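First the structure, which I've put down as structure tokens, then a few questions once you've had a look.
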Amino acid sequence: MGDKQFCVKEITLPEVGAHDVLLRVGACGVCGTDVHIYHGSKGSAEVHPPVILGHELAGIAEKVGSAVTEIKPGDHVTVDPNIYCGKCHFCQIGKKQLCENLYAVGVNRDGGFAEFCLVPETQCYRLNREIPLKYGAMTEPLACCIHGIDRVSIRPGDTVCVIGGGAIGLIMVQLAKRSGAASVVLSEPVAMRRKIGMEVGADAVLDPLCENIGERLEEILGAPGADVVIECVGTPAAATQAFEAAAKGAAILLFSVPQPGSTCTVNLEDVFHKELTIAGSIINPDTHGRAVALINSGTIKMEPLITHSFPVDQVEQAILAQASPETIKVIVEP
């Protein structure tokens, strides 16, 4: 972790325990968390190398343990990587996403940047067989986005501004529309991403490098700001834009993973006079099943979001590509 070094090697297949499922990995997405880990930051939980990264995975069940009852060999499976202790204070008060002992497949337990991955049956969800496994690998980020949408409670008729047109932002655009938003505006400096934003459901796009976001939103929406602002970049500049884009009474979701130590100056008078609600969002508590239902239904457009794929022996190149503005979602396909 932090030395920016990967190695590719053959390892012995893990022993399949009674409650385990051995997956032949079909696809594993590269997440912004993987980019953070590559540069030395932690993921959703502390990382202790050596470990096989890759937590956005889907595959085919190769072998199941003797006590496994819901998954059979040959099933197409997507994985919820986050495993909670069930015993800490936060788990016991219904906030398991804040678990003090969280560990995760592909973060501090071997994950999906490999031909095979061993996961507990409890983390496995069946996919319809006709669903491409690369779409199945998008289930985990979709589940995280669903939790974020839940945090800001979009109402039918609300106006929404999504800041950032990466994979997460483009999923948020679609979920906001499906939640009943009357108008969704995407703020994104990269032209290719703005174009795809319109393809997946944005009503309008703007370039924050060339346009004043507050003035442009008033032109588009006919009102000074959006009812809900969803920040999907993770930088202080994007967070500042989120406050500039917020109407009176707005809810602001700061969704993306920031660099450790990042700060943003907030005008407290604005928070008071505009009666803003500010929310954070972390991982996907109890939303993976809902994400699977959306993936299986085909109602979320995933194909335009997946722009690049790499073989498993080019994981480092895949992570570097994910950090580039020329990509949206990078997939590793063993």
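Report, by residue number, each residue of segment 99-120 that is farther than 19 Å from residue 76 by Cβ and in contact with a Pro (Cβ under 6 Å, 6 or more places away or on another chain).
Within segment 99-120, 104 is the sole residue that qualifies.
For segment 14-54, which residues satisfy the criterion of being farther than 17 Å from residue 108 by Cα and open to solvent by less than 20 Å² (accessible area, probe 1.4 Å)?
21, 22, 23, 25, 27
Going by the structure shown, is residue 81 in contact (Cβ under 8 Å) with a residue 40 or more places away in the chain, surrounded by fewer than 23 Cβ atoms within 10 Å (Cβ to Cβ) and not acidic (Asp, Glu)?
No.
State all residues of segment 165-180 that are hydrophobic (A, V, I, L, M, F, W, C) and open to solvent by less than 10 Å² (accessible area, probe 1.4 Å); if no residue qualifies, say none. Lay out the reasoning, then the answer.
Going residue by residue through segment 165-180, those that are hydrophobic (A, V, I, L, M, F, W, C) are 167-168, 170-173, 175-176.
Listed by number, the residues that qualify are 170, 171, 172, 173, 176.
Does at least one position in segment 223-232 carry a residue that is hydrophobic (A, V, I, L, M, F, W, C), in contact with a Phe, Trp or Tyr (Cβ under 7 Å, 6 or more places away or on another chain) and at negative phi?
Looking for residues that are hydrophobic (A, V, I, L, M, F, W, C), in contact with a Phe, Trp or Tyr (Cβ under 7 Å, 6 or more places away or on another chain) and at negative phi, one finds at least one in segment 223-232, hence yes.
Tally up the residues in segment 222-239 that are closer than 22 Å to residue 323 by Cβ and not in a loop (DSSP other than H, G, I, E, B), please.
The first filter runs over segment 222-239 and keeps only residues closer than 22 Å to residue 323 by Cβ, leaving 230-239.
From the residues that got through so far, the ones that are not in a loop (DSSP other than H, G, I, E, B) too are 230-231, 236-239.
Residues flagged as closer than 22 Å to residue 323 by Cβ and not in a loop (DSSP other than H, G, I, E, B) within segment 222-239 amount to 6.
Of (1) open to solvent by 10 Å² or more (accessible area, probe 1.4 Å); (2) touching a residue at least 12 places away in the same chain (Cβ under 8 Å), residue 148 satisfies all except one. Which?
So residue 148 meets the others, but not (1).
Now for a different question. Considering 269, 219, which residue is modelled with pLDDT of 95 or more, over 22 Å from the mean Cα position of the chain (by Cα) and not in a strand (DSSP E or B)?
Criteria check complete, one pass: 219.
Sticking with this one: Search segment 250-273 for residues being surrounded by fewer than 16 Cβ atoms within 10 Å (Cβ to Cβ) and touching a residue at least 40 places away in the same chain (Cβ under 8 Å), and hand back the single one that is farthest from residue 99 (Cα to Cα).
Of everything passing the filter in segment 250-273, 259 is farthest from residue 99 (Cα to Cα).
Let me ask you something else. Can you go through 205, 229, 233 and tell me which one is out of contact with any Pro (no Cβ under 8 Å at 6 or more places or on another chain), open to solvent by 50 Å² or more (accessible area, probe 1.4 Å) and among the aliphatic types (A, V, I, L, M)?
233
Let me ask something else about it. Do we have any residue at all in segment 51-62 that's touching a Cys at 6+ places or on another chain (Cβ under 6 Å), among the small types (Gly, Ala, Ser) and modelled with pLDDT of 90 or more?
yes
When you look at residue 308, is it touching a residue at least 12 places away in the same chain (Cβ under 8 Å), more than 14 Å from the chain's Cα centre (by Cα) and more than 26 Å from residue 241 (Cβ to Cβ), yes or no?
Answer is yes for this residue.
How many residues does segment 117-131 hold that are in contact (Cβ under 8 Å) with a residue 60 or more places away in the chain, touching an Asp or Glu at 6+ places or on another chain (Cβ under 9 Å) and open to solvent by less than 50 Å² (accessible area, probe 1.4 Å)?
So the count comes out to 7.
Further, regarding this structure: Quick test of your reading of the structure: residue 97 fulfils all but one of (1) assigned to a loop (DSSP other than H, G, I, E, B); (2) open to solvent by less than 50 Å² (accessible area, probe 1.4 Å); (3) over 18 Å from residue 28 (Cα atoms). Name the failing condition by number.
(1)
How do the pairs read when you match residues in segment 274-293 that are farther than 15 Å from residue 253 by Cβ with residues anywhere that are small (Gly, Ala, Ser), using Cβ under 6 Å and keeping only pairs 6 or more apart or on different chains?
275/249; 288/143; 291/143
The values are calculated or read from the model by the stated rules, or taken from the named source; none is laboratory data. Just so it is clear, the model here is predicted, and its values are computed rather than measured. Cβ: placed from backbone, ideal geometry, glycine included. Neighbour counts: every protein chain shown. Areas reflect the complete protein model, heavy atoms only, side chains present, ligands, DNA and RNA absent. Shrake-Rupley method; radii C 1.70, N 1.55, O 1.52, S 1.80 Å.
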